[in-house]
Amino acid sequence: MFTFAAKQKITWAPEKCVFLATLRLSLQIDGQALPPECNFKYLGVIIGVKGIAPKKHIELLCARARAKLGYKRSVGITHLGGNLNRVIGMYKAFIRPTMEYALEICIPNTLLIKVLERCQGDMLHVMLKVPKSTSYLAILLLCKMETMEHRWRANISSCIRRRQLDTDNKHNLNNKE
């Protein structure tokens with residue numbers, strides 16, 4: 001790795017580095033010891049010794065969404081005068097993107113989908129000021145919104161299509177040369 005880095009003129013900033021390990025090992029870069037970690041957050045995504053930790057990532061997304069909603073409520077932004085379109089717009093602009101951040105790198109499964117759906121339901125119940133007994137699906141129908149599972153799978157499909165377009169464009173450019 002270091003030979004490759006030297007040939008490519010890549011430098012390391014040891015103070016910004018960790019290495020993922022479950023055992024207490026010693027690793028150094030340029031004579032500076034790197035701290036071993038079980039988990040590491042990179043660009044908002046939690047990576048563990050076994051790779052990306054989707055459950056932790058989704059729990060973090062939900063916690064951020066709750067914090068964002070809590071802040072908006074603490075500064076007086078509540079149900080926006082009862083205007084449903086404003087509430088939905090606020091949710092779609094500020095809360096939902098927080099819950100969707102980097103979902104495309106995680107493979108959907110039933111447990112993770114349930115966590116996201118529950119989180120979205122909680123957010124919408126609070127923002128719309130409806131009783132907890134109100135059906136989550138009824139709220140989605142009222143708001144003309146998709147389930148988080150649908151959005152997750154649609155975002156994955158969109159990423160795959162963009163990737164394919166990028167590949168096709170590179171292929172077309174190479175053929176023109």
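The values are calculated or read from the model by the stated rules, or taken from the named source; none is laboratory data. Source: prediction; values computed, not measured. So basically every Cβ, Gly included, is an ideal-geometry build from the backbone, and we count neighbours across all protein chains shown. Accessible surface is based on the protein model in full, side chains and every heavy atom, while ligands, DNA and RNA are left aside. Shrake-Rupley method; radii C 1.70, N 1.55, O 1.52, S 1.80 Å.
Residues checked against (1) over 26 Å from the mean Cα position of the chain (by Cα); (2) in contact (Cβ under 8 Å) with a residue 24 or more places away in the chain; (3) farther than 30 Å from GLU104 by Cβ:
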| residue | (1), (2), (3) |
| --- | --- |
| ASP30 | yes, no, yes |
| GLU37 | no, no, no |
| GLY44 | no, yes, no |
| ILE52 | no, yes, no |
Scanning the range 110-130 for residues that are modelled with pLDDT of 90 or more and either polar (S, T, N, Q) or open to solvent by 80 Å² or more (accessible area, probe 1.4 Å) (or both), which turns out nearest to ILE88 (Cα to Cα)?
GLN120
Mind counting the residues in the range 119-139 that are at negative phi and in contact (Cβ under 8 Å) with a residue 12 or more places away in the chain?
12
Take the residues in the range 14-69 that are polar (S, T, N, Q) and either in contact with a His (Cβ under 7 Å, 6 or more places away or on another chain) or outside any strand (DSSP E or B) (or both), then tell me which one is surrounded by the fewest Cβ atoms within 10 Å (Cβ to Cβ).
SER26
Out of curiosity, is GLU117 within 30 Å of VAL75 (Cα to Cα) and outside any loop (DSSP other than H, G, I, E, B)?
yes
